[in-house]
Amino acid sequence: MDATSRRMVNALKTAIRREERTSAAYVSKAKKMRDPAAKKVLETLARQEMGHAKKLLSILNKGGGDLASLGKRATRLAGELHVVNDDVRAIEKSGEAVRVLRKAAKAEENSGRLYRSLEAIYKGSDVADLFAKLAEEEDKHKDRIDRVLARM
């Protein structure tokens, strides 16, 4: 496996772990949430984040370790990919409904950035469309959280 493929495998594994960790944080906070609207949003987001993890895992498995072949720009752009987990840690440490949801909105925003980066890396390939869709879904998650926050 070449260096680009290794970087992309690591990036995808990191994204999968991020989705799983975000889902687990949402589940944990939903169990403690007294506000029914916040609880419902967190439970729904948890399910959707696990769906993202499964999609990413299927890409990783399909690539067979040679992900560099999925996109011609991967070599140049792979180094620009960053996955931030500080926002997920903030969710795990937060307690109050409004604070949890604000931190969740930030996590969704950062996930959208991650997927837009992956879309750029794989531009011109079929997998770029999947990353674009995941970015759109993360944007919808953030919008939903923002609407709930506006009603609180």
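For this structure, a couple of remarks:
- In the range 122-132 there is no residue matching the filter, namely being within 20 Å of Lys32 (Cβ to Cβ) and not acidic (Asp, Glu).
- Filter result for the condition that a residue is among the hydrophobic types (A, V, I, L, M, F, W, C), at pLDDT below 90 and in contact with an Asp or Glu (Cβ under 9 Å, 6 or more places away or on another chain), over Ala53, Ala104, Ala38, Ala74: Ala53
- Looking across the range 106-121, the residues that are among the basic types (Lys, Arg) and closer than 30 Å to Pro36 by Cα come down to Lys106, Arg113.
- Odd one out for Ser94, checked against (1) crowded, with 16+ Cβ neighbours inside 10 Å; (2) among the hydroxyl-bearing types (Ser, Thr, Tyr); (3) at pLDDT 70 or above: (3)
- Of all residue pairs spaced 6 or more apart or on separate chains, those with beta-carbon atoms under 7 Å, a first member in the range 24-44 that is assigned to a helix (DSSP H, G or I) and surrounded by fewer than 18 Cβ atoms within 10 Å (Cβ to Cβ) and a second member that is modelled with pLDDT of 90 or more and not β-branched (Val, Ile, Thr) are Val27/Ala46; Lys39/Ala30; Glu43/Ala30.
The values are calculated or read from the model by the stated rules, or taken from the named source; none is laboratory data. Everything numeric here is computed off the predicted structure, so don't read it as measured data. Ideal geometry is used to build each Cβ from the backbone, glycine not excepted, and the neighbour counts take in all protein chains shown.
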